[in-house]
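Down below is the structure, laid out as structure tokens.
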Amino acid sequence: MLNEPRRRAYLTAMQVVSWLPRTELPFAAPSRPELLAPVPQVVDAPAPVIQADVPRAPDRESPPAAPTPVARTVERPKIDIPRPSSAPKPKAVQEEEAAPAVVKAPVAPPPRFALQLLRAGSCLLLVELVTGEPFQSRDPSYLLLKDMLRAAGLPDSPQIIGEPVRWPLLVRGQMDQGPEAARDFVQGFLYARVEEQPCTCLWLIGLPALRFAAETDAESYNLELQVDGLGLAWALPGLELLMDEPQRKAEVWRSMRQLMGRWKIVDE
């Protein structure tokens with residue numbers, strides 16, 4: 001048999017809020033009489049009929065209604081839900097949240113070009129290879145180069161020095177092959193050739209030759225440049241560009257006449 005405190009503990013564990021024993025329980029607290037009273041049944045009353053000119057009988061007093069059973073309630077423990085604290089955050093946390101996200105600068109793709117170095121008399125020629133392949137004797141661009149050398153008073157059969165400089169060097173790998181690395185490589189290659197045999201003038205033919213040997217662009221076409229460690233340089237449009245736009249040849253010829261004396265004296 002259960003005593004009253006243990007019975008209440010079991011009912012609370014089963015989450016029974018309202019309960020009423022069918023019989024008197026031993027060791028239980030006395031029940032209140034109003035809880036044992038029967039629940040009255042609610043019957044729908046018919047709609048009232050109104051009759052004209054009929055006196056209404058006085059209403060009889062209705063017997064007092066039975067008291068409504070009161071359900072017992074068991075108080076549940078209140079659970080506090082944690083809410084965001086309004087206390088100020090530490091300074092280190094505030095600075096970390098306020099600091100903007102670091103955006104990495106986009107990595108420039110490696111440039112793609114091919115350059116061939118030649119020697120004609122006392123001049124070195126760094127020429128852009130549009131196709132990436134070495135010159136052939138019957139190539140229109142090579143025939144144009146021979147004509148320019150004859151007009152400049154230099155041997156029209158230039159000596160090819162080494163293999164073409166092709167960039168990027170590696171198809172795969174972790175080595176930096178961006179524009180700055182390409183410039184350092186081309187300039188280092190030219191420094192080594194000039195130390196082996198100095199030159200009077202370095203012809204830079206084509207935009208890649210200007211960018212990665214003299215760090216300049218198309219605005220320097222037909223101008224005389226001074227490059228650290230390489231001396232005098234002459235900036236020229238590419239051979240393919242001269243064939244596509246023949247009107248540029250007149251500017252090349254005017255510039256050539258101003259510089260021609262520099263290598264003619266040495267070759268004589």
Of the trypsin sites (Lys or Arg not before Pro) in the stretch 164-239, those whose Cβ has at most 11 other Cβ within 10 Å and which sit in DSSP loop:
R172
Calculate the spin-label point distance for Q247 paired with V16, positioning each point 7 Å from the Cα along the beta-carbon direction, and give it in nanometres.
10.6 nm
Cα-only Rg/Rh for the stretch 113-267 with Kirkwood Rh rounds to 0.94
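What list do you get for W263, W167, W253 if you sort them by fewest beta carbons within 10 Å?
Exposure proxy ranking, most exposed first: W253, W167, W263.
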Fewest-first sequence of I205, I160 by Cβ atoms within 10 Å of each Cβ
I160, I205
Length released on extending from V227 to Q197, taking residue separation times 0.36 nm less the Cα-Cα span
9.1 nm
For the pair D217 and L170, how long in nm is the line joining their label points, each one 7 Å along Cα→Cβ?
3.1 nm
Between I265 and Q136, what length in nm is gained on full extension when 0.36 nm per residue of separation is reduced by their alpha carbon distance?
43.4 nm
Ordered by residue, what ³J(HN,Hα) values in Hz, to whole numbers, does the stretch 155-164 give under the Karplus form 6.51 cos²θ - 1.76 cosθ + 1.60, where θ = phi - 60° and Gly and Pro are x?
x, 8, 10, x, 8, 7, 10, x, 7, x
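Any read-out appearing in this document is the output of simple, stated calculations on the displayed coordinates, not a laboratory observation. Note that the structure is predicted; figures quoted are calculated from it, not measured. A quick note on method: Cβ atoms are made from the backbone with ideal geometry, for glycine too, and the neighbour counts reach across all protein chains shown.
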